[in-house]
Amino acid sequence: MIRDFSKEFTFKTSRSSGPGGQNVNKTETKVELIFDVRNSMLLSEQEKELVVKNLATRIHDDGMFHLSRSTDRSQLRNKERVIEKFYELLEKALTPKKKRIPVKVSKAQKEARIKSKKLRSEIKSGRKRVDY
């Protein structure tokens, strides 16, 4: 992704429940990234629709995309990670899905499958008790 969305980000910090011991009680290490998808100047209308459709679970009723991180003890590291995650999710949302092309199973493959099933059946039937 070549575009720089950093000017459109809003960050909120809060106290984290993550690692940090007693430091957690006094520092705000949790970082929440908020991105307004509908009012973004860098996304086209088609891209906005794709993002809203593909990331619907992360977009709140107000149309804002929320993403948070609290895995590290440092606010700066959490901020870096949340930005990385944003770009990953955006890339994934904007990448078109490949259409699956169904492949016809060949006659030889069908016969090979049936042959292996018959062989397996014979092996298992050989394990049965013999009734004299």
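Throughout, read-outs are computed from the coordinates displayed, never taken from laboratory work. From a predicted model like this one, the values you see are computed outputs, not experimental measurements. Heads up, the Cβs are rebuilt from the backbone with ideal geometry, glycines too, and the neighbour counts pull from every protein chain shown.
Taking 7 Å steps out from each Cα toward its Cβ at Glu8 and Gln22 produces label points 4.5 nm apart. Each of Met41, Met64 has some number of other Cβ atoms within 10 Å of its Cβ, and from fewest to most they run Met41, Met64.
Mark the label point 7 Å from the Cα of Arg58 along Cα→Cβ and return the residues of region 84-111 whose backbone N is within less than 11 Å of it. Within reach of a label on Arg58: 84-94. For the listed peptides 93-105, 111-123, 5-17, a ranking on the average number of other beta carbons within 10 Å per residue, highest first, reads 5-17, 111-123, 93-105.
Listed by chain and number, the lysines placed with their C-alpha closer than 24 angstrom to that of Lys53 are Lys7, Lys85, Lys92, Lys97, Lys98, Lys99; residues fewer than eight positions away on the same chain are left out. Bridgeable lysines around Lys118 (alpha carbons under 25 Å apart, same-chain partners fewer than 8 residues away excluded): Lys104, Lys107, Lys110, Lys128. Basic side chains Lys and Arg get +1 at the Cβ, acidic Asp and Glu get -1 at the Cβ, and with that the dipole of the chain about its Cα centre reaches some 1640 debye. Among 26-35, 51-60, 73-82, sorting by the average number of other beta carbon atoms lying within 10 angstrom of each residue, highest first, gives 26-35, 73-82, 51-60.
Per-residue ellipticity at 222 nm computed for the chain from its helices equals -12500 deg cm²/dmol, with DSSP H segments shorter than 4 residues left out and the rest contributing -39,500 (n - 2.57).
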